[in-house]
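Report on the following structure.
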């Protein structure tokens, strides 16, 4: 397994803000990562957030699986931020219960997804509405990218994100296996989540599950925004 490459710039910011030596910071990041069962890069981002250090640019540069680690940690009671800028700013803080605090602005990077799901995530119940809205945003984004209207969501995925990069409207990767994998993820989201959420009402989703689902959709939307459009 390749050695983690922590951002030297962010490490220095954490060391400066926490008033600890760089060696100590590295050691603590390793311990935090082990305690939370996450990647060291995710642990570094979480610590920086605790200290009120801006991390958006660093976070966006990380691989999707590490971004998911960060989102899952932020949505977990063990990973909630307990100090720093986030707690000091009521504008950035969202209270979801007396026991848990979640910063939706940090958790969801896509503006449209965040704006449409934030209030639903802060509600007391009926979190199936989050699944419905998040998959609608994804469906809309895919169709918009392909210039499509009045087409079944699954068919839209097949046309826009065709598993063959040479036939796709949006090319996620030159490698066929990666393009096919992304196509399968989007098709699966439509079949397993979008379709049921649009045809029935259920109380089976918890807030935590809805938050994690939004995190996954956010990563997918981010990949779509970075894809190449074939004309």
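Just so you know, all these numbers are worked out from the coordinates, no wet-lab data involved. Nothing here was measured: the structure is a model prediction, and the numbers come from that model.
Let a ≥ b ≥ c be the square roots of the eigenvalues of the Cα gyration tensor of the range 140-194; is it rounded (a/c under 1.5), or, if not, prolate (a/b larger than b/c) or oblate? Because a/c hits 1.5 or more and a/b fails to exceed b/c, the range 140-194 counts as oblate. Viscosity 0.692 mPa s, temperature 37 °C: Stokes-Einstein D of the range 110-229 from its Kirkwood Cα radius, in µm² per second? Calculated translational D: 226 µm²/s. How much of the pair distance distribution for the chain lies past 23 Å, counting alpha-carbon pairs only, in percent? Result: 53 percent of Cα pairs exceed 23 Å.
Between helix 111-121 and the chain there is an angle of about 80 degrees, using the helix long axis and the longest principal axis of the Cα atoms.
In a fully extended conformation the segment linking residue 8 and residue 21 would gain 3.4 nm over its present Cα-Cα distance, using 0.36 nm per residue. To the nearest 10 degrees, how steeply does helix 8-18 sit against the main Cα axis of the chain, on a 0 to 90 scale? So the inclination is approximately 50 degrees.
When the chain is treated as a Gaussian network with alpha carbon springs shorter than 10 Å, the biggest mean-square fluctuation among 211, 219, 38 belongs to 38.
Extension gain, residue 209 to residue 166: 0.36 nm times the residue separation minus the Cα-Cα distance gives 11.9 nm. Against the main long axis of the alpha-carbon atoms of the chain, helix 40-50 sits at an angle near 70°.
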